[in-house]
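A short write-up of the structure that comes next.
The values are calculated or read from the model by the stated rules, or taken from the named source; none is laboratory data. What you see is a predicted model; the values in this text were computed from it and never measured. Note that we place each Cβ from the backbone using ideal geometry, even for glycine, and neighbour counts take in every protein chain shown. All accessible areas refer to the heavy atoms of the entire protein, side chains included, with ligands and DNA or RNA removed. Shrake-Rupley method; radii C 1.70, N 1.55, O 1.52, S 1.80 Å.
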Amino acid sequence: MLDIKNLHVTVAGKEILRGLNLRVDAGQVHAIMGPNGSGKSTLSYVLAGRAGYEITEGSMTYNGENLAALPPEQRAAKGVFLAMQYPVEIPGVTTMMFLKSALNAQRRGRGESEMDAIGILKTVRKKAAALNISEDMLKRALNVGFSGGEKKRLEILQMSLFEPKLAILDETDSGLDIDALRLVAEGVNSLRAPERAMLVITHYQRLLDYIVPDRIHVLANGRIVAEGGKELALELEAKGYEQIVKDAA
Amino acid sequence: MTVALALPTRRVEEWKYSDLARALGDVGFGDDSAEVLAGPVPAGVEVFALDEPNRPDWVKAHYGKLSANVVSAISLAKARGGIALRIPKGKIIEDPVTLDFAGKGHVRALLVLEEGAALTLFERCDAAETRNAGLEIVVAPNARLDHVRISPVSGVVQVEEVSITLARDAFYHGHFANFGARLSRIELAITLDGEGAEAHLSGVSVLSGDAHADVTTHVTHAVGRTLSTQLFKKVVGGNGQAVYQGKVTVAHGADGADSRQTAKALLLGMRAEADLKPELEIFADDVKCAHGAAVGDLDSDSLFYLRARGIPEKEARHLLIHAFLEDALTDVTNADLREQVRGAVSTALDQVAT
């Protein structure tokens with residue numbers, strides 16, 4: 001589904017990704033682990049299409065299509081979803097109104113008919129309840145005054161609503177207490193499906209106790225330096241990034 | 001009758017961002033009288049046409065007493081007509097009463113709300129002709145006025161001065177939606193003259209092309225235990241120019257006065273301009289005053305977030321612009337009038353290249 005080859009990405013004149021290779025197939029959950037500054041967030045942003053992230057070499061192919069050639073909204077319509085580390089607050093737009101606009105924009109982007117407001121409301125309510133998101137939160141301005149946990153839960157609600165083919169979770173565990181983490185992980189696990197791929201980006205092994213990946217990649221200095229099964233996370237936890245990176249060199 | 005009142009030049013501080021003499025050109029305001037019509041006027045409301053003889057006592061008592069500046073003085077001197085409305089003591093009027101300003105030249109209006117009266121005033125103006133309007137509003141103790149003004153986009157000069165005095169526990173809530181003119185100036189001079197009086201002002205401007213819109217306010221807390229709030233939002237595209245000058249004066253001894261003012265502008269054109277100038281003048285000791293002003297572009301993080309959720313760029317920008325204006329728009333209390341303002345804002349935003 002996602003095939004990244006020798007990807008080099010420059011941000012503000014500085015090379016952050018330096019020849020990254022990664023392949024994720026449908027039905028799989030891959031984890032990207034790495035120390036701060038290794039390029040984890042750059043990878044998530046370049047996949048989602050944020051401005052200012054310049055690809056100088058290499059390619060990223062999504063279902064056979066050159067992802068770099070598509071603006072962010074088309075990537076979303078084609079099923080790429082990034083659960084962001086820092087979801088933005090937008091005063092003046094209610095959460096419900098935002099969900100409705102986004103869902104229908106994606107449907108339009110795929111040439112599908114729009115969903116009516118009542119249908120969306122019913123679907124959102126059902127999915128929100130499973131994530132312990134209150135009716136009141138949906139009425140409030142998007143992410144405004146939400147706690148860290150509420151923001152992350154809302155990201156997962158969006159993922160559940162948009163039903164992406166490729167879901168990228170950027171540090172979804174950061175800022176969560178153990179209960180919130182469990183709730184978010186349950187939400188993610190319920191979305192595991194044969195037709196869906198997931199890329200879980202995290203600094204800590206903790207999240208991977210709940211979301212068990214098929215494969216783990218260690219990112220350091222802008223490239224993948226080690227790969228393995230779920231046991232790699234435990235090794236990382238025991239030895240620390242420094243040792244793994246050294247071993248790989 | 002000759003009036004020796006000269007127009008203010010840009011050297012006058014309050015007119016620094018609005019070159020009235022230049023915008024009017026050689027012809028100036030002229031000597032014509034414009035018109036104002038009120039409707040529908042419910043039973044019990046007294047209406048007096050100002051060009052009629054034998055002014056009643058309530059008109060004599062209040063007419064021309066609150067004029068605050070030279071432009072208003074000109075309209076007082078030159079306007080031959082206009083209208084005066086009196087809402088009698090205790091009279092509460094549910095449906096909005098409309099004031100329609102039309103025609104070329106000078107015009108005056110007077111609105112008196114007696115003790116405990118309540119009214120929603122909807123002010124409209126035709127945009128075709130150069131006009132200088134002066135509106136005086138007297139709000140007696142415990143009376144309440146909700147005021148909404150929509151100024152459509154205009155190619156000529158449109159100036160209006162609104163002077164308001166609020167007595168003890170009187171309440172004023174004004175919203176000014178302004179879409180610009182060759183030169184558009186709304187000047188609000190508000191005096192909180194009795195304890196417990198409150199004035200809440202809000203407004204939106206959406207400008208495109210060469211439109212200019214100036215909202216200048218001067219709120220005076222003459223006595224203590226008075227409250228004023230101001231929230232003005234401006235979206236400026238093209239070569240537009242938005243001006244906000246907000247002066248708050250807290251008089252000597254007006255302890256317990258509380259004043260807040262916020263003005264924000266979103267600049268969407270390379271040559272768009274916003275001049276925001278909040279100002280405080282405090283002569284009392286124990287007061288709470290806060291002010292803030294900010295000019296900026298759309299937030300790139302927000303824009304990316306919306307696009308990453310599938311919302312195309314143009315739509316995302318529109319959503320963020322509406323969101324920027326939202327708190328000022330929800331400030332309009334009357335639902336029908338709020339929808340009218342929203343409609344006018346949407347139409348104006350279609351003209352702003354985003």
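What 222 nm value per residue comes from the helices of the protein assembly as shown, counting each DSSP H run with n ≥ 4 as -39,500 (n - 2.57) and dividing by all residues, nearest 500 deg cm²/dmol?
-8000 deg cm²/dmol
Please name the residues of the stretch A:35-76 whose accessible area, counted over protein heavy atoms with a 1.4 angstrom probe, falls by no less than 40 Å² between the chain alone and the full protein assembly.
A:Arg50, A:Pro72, A:Glu73
Roughly what % antiparallel, to the nearest 5, for the DSSP beta bridges in the protein assembly as shown?
Roughly 20 percent of the beta bridges in the protein assembly as shown run antiparallel, per DSSP.
Sequence-distant or interchain residues sharing an amide H contact under 5 Å with A:Val200, placed H: which?
For A:Val200, whose amide H was placed from the backbone, the distant partners under 5 Å are A:His30, A:Ala31, A:Ile32, A:Leu169.
Helix A:95-109 sits at what angle to the longest principal axis of chain A, using alpha carbons and giving 0 to 90 degrees rounded to 10?
70 degrees
What's the angle, to the nearest 10 degrees (0 to 90), between helix A:148-162's Cα axis and the longest principal axis of chain A?
It is inclined by approximately 80 degrees.
What is the sum of charges, Lys and Arg at +1 and Asp and Glu at -1, for the other residues whose Cβ falls under 14 Å from the Cβ of B:Phe122?
Once positives and negatives cancel, what remains is -4.
Amide H to amide H under 5 Å from B:Thr229: which residues, 5+ apart in sequence or cross-chain, H placed 1.01 Å off N in plane?
Answer set, sorted by chain and number: B:Ala199, B:His200, B:Leu201, B:Arg260.
Average partner chain C-beta neighbours within 10 Å, per residue of A:92-104?
Whole-number average of other-chain Cβ neighbours for A:92-104 is 4.
For the stretch B:13-297, what relative contact order do you get, as a whole percent, if you take Cα pairs closer than 8 Å and at least 6 residues apart?
Reported as a whole number, the value is 12 percent.
Would you mind classifying the stretch A:31-87 by shape? Square roots of the alpha carbon gyration tensor eigenvalues, ordered a ≥ b ≥ c; an a/c under 1.5 is rounded, otherwise it is prolate if a/b is larger than b/c and oblate if not.
prolate
Taking the mean number of other Cβ atoms within 10 Å as a proxy for protection, how do you rank B:25-32, B:103-110, B:202-209, B:150-157 from highest to lowest?
Answer by packing, highest mean first, reads B:202-209, B:103-110, B:150-157, B:25-32.
Let me check against my output: what whole-number percent is the relative contact order of the stretch B:99-161, with C-alpha pairs under 8 Å and at least 6 apart?
41 percent
Tell me, what is the per residue accessible area of the stretch B:223-321 in Å², probe radius 1.4 Å?
41 Å²
Tell me, what does the Kirkwood hydrodynamic radius of the stretch B:13-297 come to in angstroms if you use every pair of distinct C-alpha atoms?
Result for the stretch B:13-297 stands at 19.0 Å.
With 10 Å bins from zero, work out the P(r) of the stretch B:36-142 over every alpha carbon pair and list the percent per bin.
14, 47, 33, 5
Just the number, please: Stokes-Einstein D of the protein assembly as shown in µm²/s, Kirkwood Rh from C-alpha pairs, 25 °C, 0.890 mPa s.
Value of D from the Cα-based Kirkwood radius: 89 µm²/s.
For a quick size check, give me the Cα extents of the stretch A:100-199 along its three principal axes, largest first, whole Å.
Reported extents, whole Å, longest axis first: 40, 33, 19.
Which net charge results when you count Lys and Arg as +1 and Asp and Glu as -1 among the other residues whose beta-carbon is under 12 Å from that of B:Thr9?
Its environment carries a net charge of +1.
Order B:Val295, B:Val112 by their accessible area, 1.4 angstrom probe, all chains in place, largest first.
So the residues, ranked largest to smallest area, are B:Val295, B:Val112.
Ignoring ligands, DNA and RNA, what accessible area per residue does the stretch A:24-90 give at 1.4 Å, in Å²?
Value returned for the stretch A:24-90: 36 Å² of accessible area per residue.
Just give the residues from the stretch B:288-317 buried by at least 20 square angstrom of accessible area in the all-chains context relative to the isolated chain, probe 1.4 Å, and say none if nothing qualifies.
Hits at the 20 Å² cut-off: B:Asp301, B:Ser302, B:Phe304, B:Tyr305, B:Leu306, B:Arg307, B:Ala308, B:Arg309, B:Gly310, B:Ile311, B:Pro312, B:Glu315.
For the interface of chains B and A, what total accessible area is buried with a 1.4 Å probe, rounded to the nearest 100 Å²?
1900 Å²
If you bin every alpha carbon distance in the stretch A:2-248 into 10 Å steps from zero, what whole percent lands in each bin?
The distribution over the stretch A:2-248 is 7, 31, 36, 21, 5, 0, given as percents.
Determine the relative contact order of chain A: mean sequence separation of Cα pairs under 8 Å and six or more apart, normalised by residue count, in whole percent.
28 percent
What net charge do the residues around B:Leu349 carry, taking every other residue with its C-beta under 14 Å from that of B:Leu349, with Lys and Arg at +1 and Asp and Glu at -1?
Local charge sum for B:Leu349: +2.
Of the accessible area of the protein assembly as shown, with the probe set at 1.4 angstrom, what percent is carbon plus sulfur?
49 percent
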